[in-house]
Amino acid sequence: MRLIRVAAAVLNQTPLDWEGNKARILSAIEAARAEKASILCLPELCITGYGCEDAFHSPALQQTALDVLHEILPATKGMIVSLGLPLLYHQGLFNTACLAVNGRSVGFTAKQFLAGDGLHYEPRWFKPWPAGERGEVELNNVDYPLGDVFFDVGGVKIGFEICEDAWVADRPGGELALRGVDVILNPSASHFAFGKFKVRERFVLEGSRAFNVSYVYSNLVGNEAGRSIYDGGALIASAGEMLAAGPRFTYADMRLTTALVDVDATRMKQSRTGSFRPDLRKNDSCVEVDFDFPEFPPQPPTVKQAAWESGPHVKEEEFARAVSLALFDYMRKSRSNGFVVSLSGGADSSAIVSLVSLLVEWGVQELGLAGFLKKVSYFQRIQACKTPAEILEKLLVCVYQGTENSGDVTRTAAREVAKAVHAEFMDFDITSLHKGYMQLIEKAIARPLDWATDDIAMQNIQARVRSPGVWMLTNLRGSLLLATSNRSEAAVGYATMDGDTSGGLSPIAGIDKAYLRRWLVWLEKEGPEGLHPIPALHYVNAQAPTAELRPPGAKQTDEADLMPYELLDRVERYAIHDKLIPIEILQKLTVEFPQYSLDQLVTWIDRFFKLWCRNQWKRERIAPSFHVDDLNLDPRTWCRFPILSGGYEREMKEFREYAERLKNKR
């Protein structure tokens, strides 16, 4: 047996935070040293941060990254460490992993497959390195190997798959296996999405099995740059067996996962595999380095994962943990003094308030009170707090803003939810502001406003007059105002610009309303593992969602204004994600929703396409949101659509003719 201790660290990095990123890298190296790990894999582009975007094109950034690399190298004495940074070569910028061995750089492996869809835009900044090619880059008068290279370090061969490299069919690991690599390191910046962690587990396990290697996967954790959430989840597998799995959604700056791998065992598995055909051709892709590995006695693997990871409510848990952690990081990295939420008593704002309360509880639970407060040491107002409840009272302000159209049901719901999460609660009566604007406009147009002719404008002014006061309160406190729009409403523009869309961050703009309502019921009745439910959400869940902008006698509800939320979300998926035309959507919905008449389905599909096309400008203006799945409508990072378009007029004409023929057949 040749046993080697390997380690993977997850880091909460920030783009361009040179000193902070370096400090977290050094803490990971020291933690790995304390665990007697010889090989440490750190996340992709960990020196610069992954989300630098167009700043990657700055020559100063590239030089500073090299400077920081050389500042870190001495700390790798006696170890083998991967360090990610961009590297300029022949006027092309490459995403590389530097392998540091015993205090010096020995070469750079470049990423071969760039992530260029969805959230990712790597081809804008980087070039893909061609497979099988090796170059040399001169740094400080020393030439270093660069490109499709692997390393023989003290007789143990180490190769790289950098994030996306492992997600493609023709992944580099296959070629590395033929070259006799023992350990594959995967430094990643793999964002969170529902269910994605299981995919990662599969490619780590399958890579280790198919290639008969030990596989070490590291990732970022937390809200790195604003929109993407990283869940961490370091993984170590060998020859198809998972040896170690790190926690996800940690509030710590760094978490280390280690395991002992048996190099001789994986080599023998390769030799016994009938399909294995080693590449015996001489090539110059291997960089040889001396290194002495310490000896270890055998140890059984201990794979420990939280019970919720395999429980019946993984999606609910993931949503709660991902968005709460993202809110915490956004708050502290923007140096905001807590949050302000315009709490209407409805589902959206109540969900956001609940997520803020969870971030405090989870943060204190993991870091301890002192550790939590240290991470927000700039936030003086909470530094003397002794309990999570005290922190929440000073960190979160909930403001109910009622008019004469508001009812006791929503006011009670808002008050009870704020009380349940220990937030400060304020009740603003904005009736005079609302009437003042009404009178101002009536005087200007020389006629009274009337619901029969001025419905939308009269609804919108109530939502808009809520904005200035809550913004002023936010400014006075140095807080962050959270907008309350969800994805379903963004799809059809069922939101008042500069009203409920007001805010510096829109945390649930990536989640659909139907799921959000189910999540609130789960949080009311069960709640996350290790915490507790929030029974006061009963006041919210018992209501039908309503904007509450028409007079009470109108009995306004969101679904009456739009369509059933479950159906809206299905139409949105088919139209925007699957790119189906109206006729195709109708064909699907008549089978999936037989409880609705043909006339209803035709009306709702027609309504969706009209509202989708005319409201792209609203989606362009929604505050930054968090990414949680592949149905995001964020026009900057996921779903691009023209602000001005033909509005599917030809498709809609064919759709109506088709629907009419269908009706005549029945």
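Over all pairs of different C-alpha atoms in the range 1-103, the reciprocal of the mean inverse distance, the Kirkwood hydrodynamic radius, equals 13.9 Å. Packing, as the average of other Cβ atoms within 10 Å across residues, places the peptides 362-375, 499-512 in the order 499-512, 362-375, highest first. Residues in the range 372-503 average 45 Å² of solvent-accessible surface per residue, probe 1.4 Å, ligands and nucleic acids excluded.
Taking the longest Cα principal axis of the chain as reference, the axis of helix 314-333 is set at about 90 degrees. Report the residues of the range 330-355 in range of a label on THR64: point 7 Å along Cα→C-beta, backbone N strictly under 17 Å from it. Zone members listed by number: 334. Between the entries [x] 25.4; [y] 27.1; [z] 27.9, the label attached to Kirkwood radius over Cα pairs in Å calculated for this structure is [y].
Axis of helix 598-614 versus longest Cα principal axis of the chain: the two differ by about 70°, to the nearest ten degrees.
Taking the 0 to 90 degree range and rounding to the nearest ten, how far is the long axis of helix 18-34 tilted relative to the main principal axis of the chain, both from C-alpha atoms? That helix lies at roughly 50 degrees to the long axis.
Sorting the segments 591-597, 601-607, 429-435 by their mean number of nearby beta carbons within 10 angstrom, highest to lowest, gives 601-607, 429-435, 591-597. Counting only residues at least eight positions apart within a chain, or on another chain, the lysines with an alpha carbon under 19 Å from that of LYS435 are LYS443. The range 504-559 and the range 32-92 have Cα centres lying 44 Å from one another. At an R0 of 35 angstrom, the distance between the Cβ atoms of THR557 and GLU30 translates into a FRET efficiency of 0.05.
Exceeding 22 Å between C-alpha atoms, which entries from my cross-link table qualify? They are LYS394/LYS618; LYS22/LYS374; LYS36/LYS77. Don't skip to the answer; put the middle values down first.
Numbers: LYS394/LYS618 33 Å; LYS22/LYS374 19 Å; LYS36/LYS77 12 Å.
Listed pairs above 22 Å: LYS394/LYS618.
What value in Å³ per residue do you get for the convex hull of the alpha-carbon atoms in the range 156-257? Each step should come with its number before you reach the end.
Numbers: hull volume 9.6 nm³, N = 102.
In the range 156-257, the Cα convex hull volume per residue is 94 Å³.
One Cα centroid belongs to the range 324-338, the other to the range 201-230; the line between them spans 25 Å.
Note on the range 46-196: Kirkwood hydrodynamic radius from all Cα pairs is 15.9 Å, rounded to one decimal.
Mean shadow of the range 50-121, computed from the convex hull of its alpha carbons, in nm²?
In nm², the orientation-averaged hull projection of the range 50-121 is 5.2.
Annotation for the range 235-322: trypsin sites (Lys or Arg not before Pro) lying in DSSP loop with at most 10 further Cβ atoms inside 10 Å of their Cβ are ARG281, LYS282, LYS304.
I need the peptides 620-632, 107-119, 184-196, 450-462 ranked by packing, meaning the mean over residues of other C-beta atoms within 10 angstrom, with the highest value on top.
The densest-packed peptide leads the list: 184-196, 107-119, 620-632, 450-462.
Heavy-atom accessible surface of the range 563-666, averaged per residue, reaches 53 Å², computed with a 1.4 Å probe. Classification of the range 126-170 by its C-alpha gyration tensor yields an oblate form. The axis ratio a/c (a ≥ b ≥ c) is 1.5 or more, and b/c is at least a/b.
Rg/Rh for the range 548-666 to two decimals, with Rh computed the Kirkwood way over all alpha-carbon pairs. All intermediate terms of the calculation are to be shown ahead of the outcome.
Working: Rg = 15.7 Å, Rh = 15.8 Å.
On the Cα set of the range 548-666, Rg over Rh gives 0.99.
Shown here for the range 541-579: trypsin sites (Lys or Arg not before Pro) in loop regions (DSSP other than H, G, I, E, B) with at most 13 other Cβ atoms within 10 Å, namely LYS555, LYS579. Direction-averaged projected area, Cα convex hull, the range 314-447: 10.5 nm², rounded to one decimal.
If each residue of separation counts as 0.36 nm, what is the full-extension length gain between MET268 and GLU592 once their alpha-carbon separation is subtracted?
Result: 111.3 nm gained on full extension.
Restricting the trypsin sites (Lys or Arg not before Pro) of the range 36-105 to loop positions (DSSP other than H, G, I, E, B) with no more than 14 neighbouring Cβ atoms within 10 Å leaves LYS36, LYS77.
Please report, as a whole percent, how much of the solvent-accessible surface of the chain comes from carbon and sulfur atoms (probe radius 1.4 Å).
On the way: 14140 of 27110 Å².
Percent of accessible area from carbon and sulfur atoms in the chain: 52.
Contact order for the chain, expressed relative to its length and based on alpha carbon pairs under 8 Å spaced 6+ residues apart, stands at 11 percent.
Spacing of the modelled spin labels on HIS538 and ASP284, each 7 Å from Cα toward Cβ, amounts to 7.6 nm.
For the range 42-147, the solvent-accessible area works out to 38 Å² per residue, with a probe of 1.4 Å and every protein chain left in place.
The values are calculated or read from the model by the stated rules, or taken from the named source; none is laboratory data. It should be emphasised that the depicted structure is a prediction, and the values quoted were computed from it without experimental measurement. Glycine gets a Cβ as well: all are built from the backbone with ideal geometry, and neighbour counts include every protein chain shown. Each accessible area value is taken on the protein alone, full model and side chains, heavy atoms only, with ligands, DNA and RNA left out. Shrake-Rupley method; radii C 1.70, N 1.55, O 1.52, S 1.80 Å.
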